[in-house]
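The values are calculated or read from the model by the stated rules, or taken from the named source; none is laboratory data. Since we're looking at a predicted model, the values are computed, not measured. Here the Cβ is made from the backbone with ideal geometry for all residues, glycine too, and neighbour counts use every protein chain on show.
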Amino acid sequence: MIKSNWDIDQELGLWYYLTGYPGTGGVLRQEPGDFEVVEKADHTYTNGPYLICSLKKINWDQHRAVKAIASGLGISHQRIGFAGTKDKRAVTTQYISIYKKTEDDISKLSIPDIVLTSLGTMQHPIKLGELQGNMFKILIRDIADKSLFSSLENFQKSMSDGIPNYVGYQRFGVRRPVTHLIGLEILKGNFQEAVRVMIGKSGSRMDEHEQEGRACYMDTEDAAQCLHLLPPRLSLERSVLHHLVSNPGDYTGAVLQLPGTLRSMYVSAVQSWIFNTTLSMRMRDGLSLFEPETGDRLIWPDGRTDKTTDATVHAAKVQVKRGKCALALLLPGGTYVPGDGYDDENIQSILQEQGITSQMFEKMSSILGTTFAGSYRPMLMRTDLSCEVIDDHLLAKFSLPPGQYATTVLRELMKTDPEDMV
């Protein structure tokens, strides 16, 4: 185990690398085509009002792409459903559903670097989480020390054994890691501060106009003035500002202008940050990610969960070793609340330090229209990783189930500056 020295890793709860091998270094996404993602799903098509399409996009932020498609079709973005959020600087292929639009409507749509292909119709929309997983093909460029390629076979075995199932950078952002910070303010009902963080907090590698516009709002909270400064590409931020210009002081309404999936992402990012931090605390204190202790939580492939006791811990160790179930951590919410296990106590301390209660998740569920009941997430992720050396570059191929992050695999492999991974 190696401690990460990157400040952002400490901020996002990604305190450690489990593998002791030197990182390959290198750079991701020098070109969008270096990072390819293909969503896996199994849809059954029937007569229905929801048109199912394959969406291929190049270098598009997910939410901005959905808004662009909705605008081109003359509909609300809320009529478009998708199963998972894909990377921006990448070539991604996924499924979306569009309510009450036809193949002919889609054929007339023309948006640069977006290709929509009509596949059929269904009775129900595609919802978050309704996918089998994702397949990745990723080129890591400019690896300076090619001698590190000799440790690839050992690393591939480590990936089969398991590495920490951290929630990856794209859930939070790297150049502007604010998603969980916005979510914390929303959970506490501080919508004005949530807007202030969303609009005003600065980041790295911003152009002059973005930097000026964000600094203006952080200093003045003048929506009209900031609206003139922020570049048009920041359409989500601008929609919030437009609402505040028309409805001064209505910060809750401003947040509700955002797509429902994005609003829910802010709060779920808080849950993800708590998971990362709790997992790192377990590693810091020397507890195993592979063998349960009394009070640990378990999850089975069918979603069933349990908690070990003194009487069941031996049997649990056998079940985990055989791969029948896995160690898990709680993502707290309105329904699932921490108990008295070691990890649960750490979660409780984080919640208390942040001033978060289960009632806050319940309240935001009603305000935002999304349920934040809580859930369980395995501590480990595993994948069959294949690597191919191409000159000074490394091509990595692997697949992951829903909710797991390619950047978590690559972070463990590369051990490089997170800003070189986005």
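General remarks:
- Any hit, segment 74-84, residues being in a loop (DSSP other than H, G, I, E, B) and within 21 Å of the chain's Cα centre (by Cα): yes
- Flag for residue 171 being touching a residue at least 60 places away in the same chain (Cβ under 8 Å) and surrounded by fewer than 19 Cβ atoms within 10 Å (Cβ to Cβ): no
- Segment 164-217, subset among the aromatic types (Phe, Trp, Tyr) and under 30 Å from residue 409 (Cα atoms), residue modelled with the highest pLDDT: 166
- Selection within segment 334-357: residues that are at pLDDT below 90 and surrounded by 15 or more Cβ atoms within 10 Å (Cβ to Cβ). The member of this set that is nearest to residue 186 (Cα to Cα) is 334.
- Among the residues of segment 93-118, the ones that are under 21 Å from residue 32 (Cβ atoms), touching a residue at least 60 places away in the same chain (Cβ under 8 Å) and touching a helix residue (DSSP H, G or I) at 6+ places or on another chain (Cβ under 9 Å) come to 2 in all.
- Any hit, segment 248-271, residues being touching a Gly at 6+ places or on another chain (Cβ under 6 Å), assigned to a helix (DSSP H, G or I), more than 24 Å from residue 67 (Cβ to Cβ) and not aliphatic (A, V, I, L, M): no
- Residue check, residue 350 in contact (Cβ under 8 Å) with a residue 60 or more places away in the chain, closer than 27 Å to residue 284 by Cα and assigned by TED's automatic domain parsing to the domain that holds residue 305: yes
- Options 153, 212, 208: the member that is free of Cβ contacts under 8 Å to residues at least 24 places away in the same chain, under 30 Å from residue 21 (Cα atoms) and over 24 Å from the mean Cα position of the chain (by Cα): 153
- Among the residues of segment 386-401, those that are modelled with pLDDT under 90 and not in a strand (DSSP E or B) comprise 391, 392.
- Residue check, residue 270 outside the structural domain of residue 338 (by TED's automatic domain parsing) and either crowded, with 16+ Cβ neighbours inside 10 Å or not hydroxyl-bearing (Ser, Thr, Tyr) (or both): no
- Flag for residue 204 being over 19 Å from residue 63 (Cβ atoms) and hydroxyl-bearing (Ser, Thr, Tyr): yes
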